[in-house]
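Take a look at the structure set out below.
The values are calculated or read from the model by the stated rules, or taken from the named source; none is laboratory data. Since the structure is predicted, the reported quantities are computational estimates derived from the model, not experimental observations. Here Cβ is always computed from backbone atoms with ideal geometry, including for glycine, and neighbour counts include all displayed protein chains. The accessibility values were calculated without ligands, DNA or RNA, using every heavy atom of the protein model including side chains. Shrake-Rupley method; radii C 1.70, N 1.55, O 1.52, S 1.80 Å.
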Amino acid sequence: MKGGQAIIKSLIDQGADIVFGYPGGQLLPLYDMIYDSDLKHILVRHEQCAAHAADGYARASGKVGVCIATSGPGATNLITGIATANMDSAPVVAIAGQVPTHLIGNDAFQEVDMIGITIPITKHNFQPTDAHEIPGMIKSGFEIALSGRPGPVVIDLPKDIQEQELDEYQAKSMELPGYKPNLKGHPLQIKKAAQAIKKAKKPVILSGGGVIISGASPEIKELSDLINAPVTTTLLGKGSFSEDDPASMGMLGMHGRKVANITVDECDCLVAVGCRFSDRTTGNIAEFAKNARVIHIDVDPAEIGKNVEVAVPIVGDAKTVLQQLMPLLKKDQKLDNKKWFDHVYDFKKSCIPRLSYENDVPLKPQQVIKEIMNAVDNETILTTDVGQNQMWMAHFYRTQKPRKFISSGGLGTMGFGFPSAIGAKVALPENDVVSVCGDGGFLMVCQDLATVKEYDIPVVVCVLDNRYLGMVAQWQKLFYDERMSHTHLGEVPDFVKLAEAFGVRAERVEKPGETQEALKNAIKSGEPTLLDIIIDADEILPMVPPGCGLTEIVGEYKVERERPGEITYKNPAKKAEGD
């Protein structure tokens, strides 16, 4: 067996039966061995898409996603995807080709220091100097990527090591001194958390991406029911708690729901599970949940106390810790915060976002999202790109189950939505997969329409087409005196013709009612499809300006009540100005 064959066997042994990649000179030995192997390989049209597809595969399935690229520019094209996976705790193993060992450090053709480049954006990285190290490195790489707080692992693979002969194949985990993720919460801290929750009169649960990773959604639901606590989520926690549940307040933060932002501001106890309190979630830290005792449960000790002062820190896996906590809450007394819960529920009903714009042309994004919801079921996987399209979906689209809403959070990576949908569909071929993209982000990765056509991967791409870099344009309108500097994309391309050039079904949508019908037909067709949905370029989202508290929402917020009719709420910032 050669080193390249050991790579292939190790990947298959770890359950990675499919990889996303792009060949090149320093990976020719490995690719020659893939030719005769059982390892399935999907040729993307850009290495960044390989990394995002591996990420989407991982987030949809909970398994490790694998991507491969050659040395130099191939490897550096993986960087954005690796950094995205790192910020969002996605288990990805990225294999990068490298020049032969005797040339490393000599500035050889297509050489980059992939280890040095990726140290800040990975959980760990490896560079084998002997083929016998490969099985252990792959096994350990998968264990590191999945365990504790998941994240990406890079294996920098010199060309000569791919061709070196192994005397024997031994897949023993490597010694990893100091790496021992703590999964069980400290009993004293659990007890303190229980006491704080019992004393609370206005508890709120903040559910983050760690809840999805650990499979703790049932425990969040049980905790919410037990203590009568409303639940809000981070962007990456969307789907960790059903947004059809009466206790759900939707997303918190800069582009969060008004009910979530104001309720967190009023709460006296915030139980934060599996989140990292990013600036997009908290707004001005000095104003964040200033009346609350914060209980923070997270498997990564580095996140606790990093951004928000915590009263009760608990290091451990979300599911494990909540299972430890629940018996203490049940044992002593029945917790009754129904008055608080009813108050929040009534407030939520008063600010249900308006989704119906049946007569508006160009289309309102709210109407488009309403029609998307009507066209899919709760097993459909939705991926988004980054920008206005992402926040419209996060704000208005209701997600019921974990791993059904996939988006780039921490890095905010334009171009993520489409290739991550490819990975999700490959991971779960029985699920419908729809990617909602902005026109700007989609143009960054549109070449991979070739991938979905060639491999018959039936994802549906909904391009919300307003010919602007929407979120940047929104900030220019709100904060830069409408000086629209280089955010208009012009009138090209024609997205329908672009898709058709790749042999992909395409349809333009311009009127209310057409999105729902077109999306249903696209899903039913079983073919990759692009929908070019023309939306209103002037529509903006309510938001909290940078540096402001969560209650300082700018932009009008149109809502509708359960009875016919609508009202417009003015935000606190405008009230202060006498508006």
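Could you look at the chain and say what percent of its accessible area is carbon and sulfur, using a 1.4 Å probe and all protein chains?
For the chain, the apolar C and S fraction of the accessible surface comes to 50 percent.
Tell me whether region 217-372 comes out rounded, prolate or oblate; compute the Cα gyration tensor, take square roots of the eigenvalues as a ≥ b ≥ c, and use a/c under 1.5 as the rounded threshold.
Prolate, because a/c is 1.5 or more and a/b exceeds b/c.
Using modelled backbone amide H atoms (1.01 Å from N, in-plane), which distant-in-sequence or interchain residues come within less than 5 Å of Ile553's amide H?
Ala573
Probe of 1.4 angstrom, ligands and nucleic acids ignored: what's the accessible area per residue over the chain, in square angstrom?
40 Å²
Which of the three applies to region 143-219, rounded, prolate or oblate, going by the alpha-carbon gyration tensor with a ≥ b ≥ c and a/c under 1.5 meaning rounded?
prolate
Count charges around Asp113 for me, please; just the other residues with Cβ under 15 Å from its Cβ, Lys/Arg as +1, Asp/Glu as -1.
-3
Could you tell me the relative contact order of the chain? Use alpha-carbon pairs under 8 Å, at least six residues apart, and round to a whole percent.
Worked out over the chain, it gives 14 percent.
Quick check on my link table: of Lys191/Lys330; Lys192/Lys331; Lys238/Lys348; Lys192/Lys330; Lys258/Lys404; Lys199/Lys331, which ones sit more than 20 Å apart, alpha carbon to alpha carbon?
Lys258/Lys404
Explain nothing, just compute: Karplus ³J(HN,Hα) = 6.51 cos²θ - 1.76 cosθ + 1.60, θ = phi - 60°, for every residue of region 66-78 in order, whole Hz, x for Gly and Pro.
10, 10, 9, 8, 6, 6, x, x, x, 5, 5, 5, 7
Within region 452-527, list the GluC sites (Glu not before Pro) lying in a DSSP loop whose Cβ has at most 13 other Cβ atoms in a 10 Å radius.
Numbers: sites: Glu454, Glu482, Glu491, Glu500, Glu507, Glu510, Glu514, Glu517; in loops: Glu482, Glu491, Glu510.
Those that pass, being in a loop and sparsely packed, are Glu482, Glu491.
What is the dipole size for the chain, taken about its Cα centre, with +1 at each Lys and Arg Cβ and -1 at each Asp and Glu Cβ, in debye to the nearest 20?
2600 debye
Looking at the chain, what % of its DSSP beta bridges pair antiparallel, to the nearest 5?
Working: 8 of 71 bridges.
Expressed as a percentage, antiparallel bridges in the chain total about 10.
At 0.36 nm per residue, and after removing the present C-alpha to C-alpha distance, how many nm does the segment from Asn284 to Glu510 gain when stretched out fully?
Result: 77.4 nm gained on full extension.
Find the Rg to Rh ratio for region 382-489, where Rh is the Kirkwood radius over alpha-carbon pairs and Rg uses the same atoms.
1.01
Probe radius 1.4 Å, ligands and nucleic acids left out: which of Cys548, Cys49 has the largest accessible area, and how do the rest follow?
Per-residue accessible area, sorted high to low, gives Cys548, Cys49.
For a 19 Å ceiling on Cα separation, which of these pairs sit above it: Lys9/Lys172; Lys63/Lys524; Lys221/Lys319; Lys201/Lys290?
Numbers: Lys9/Lys172 14 Å; Lys63/Lys524 28 Å; Lys221/Lys319 12 Å; Lys201/Lys290 15 Å.
Those over the limit are Lys63/Lys524.
Find me the longest stretch of the chain that has none of the exposed chymotrypsin sites (Phe, Trp or Tyr not before Pro), where exposed means in a DSSP loop (not H, G, I, E or B) with at most 12 other Cβ atoms within 10 Å.
The segment 110-479 is the longest one with no such site.
List, in order, the whole-Hz ³J(HN,Hα) value for each residue of region 486-495 obtained from phi through the Karplus relation with A = 6.51, B = -1.76, C = 1.60 and θ = phi - 60°; use x for Gly and Pro.
With coefficients 6.51, -1.76 and 1.60, one gets 6, 10, 8, 8, x, 9, 10, x, 7, 5 Hz.
Label region 261-333 by shape, choosing from rounded, prolate and oblate, from the square roots a ≥ b ≥ c of the eigenvalues of the Cα gyration tensor; if a/c is under 1.5 it is rounded, and otherwise prolate applies when a/b is larger than b/c, oblate when it is not. Provide the component values of the computation, followed by the final result.
Numbers: a/c = 2.44, a/b = 1.37, b/c = 1.78.
Because a/c hits 1.5 or more and a/b fails to exceed b/c, region 261-333 counts as oblate.
Apply the Karplus parameterisation 6.51 cos²θ - 1.76 cosθ + 1.60, with θ equal to phi minus 60°, to every residue of region 22-31 and state each ³J(HN,Hα) to the nearest whole Hz, in sequence, with x for glycine and proline.
8, x, x, x, 6, 10, 4, x, 5, 5
Quick one: what Rg and Dmax do you get for the chain from the alpha carbons, in Å?
Computed over the Cα atoms of the chain, radius of gyration and Dmax are 24.4, 80 Å.
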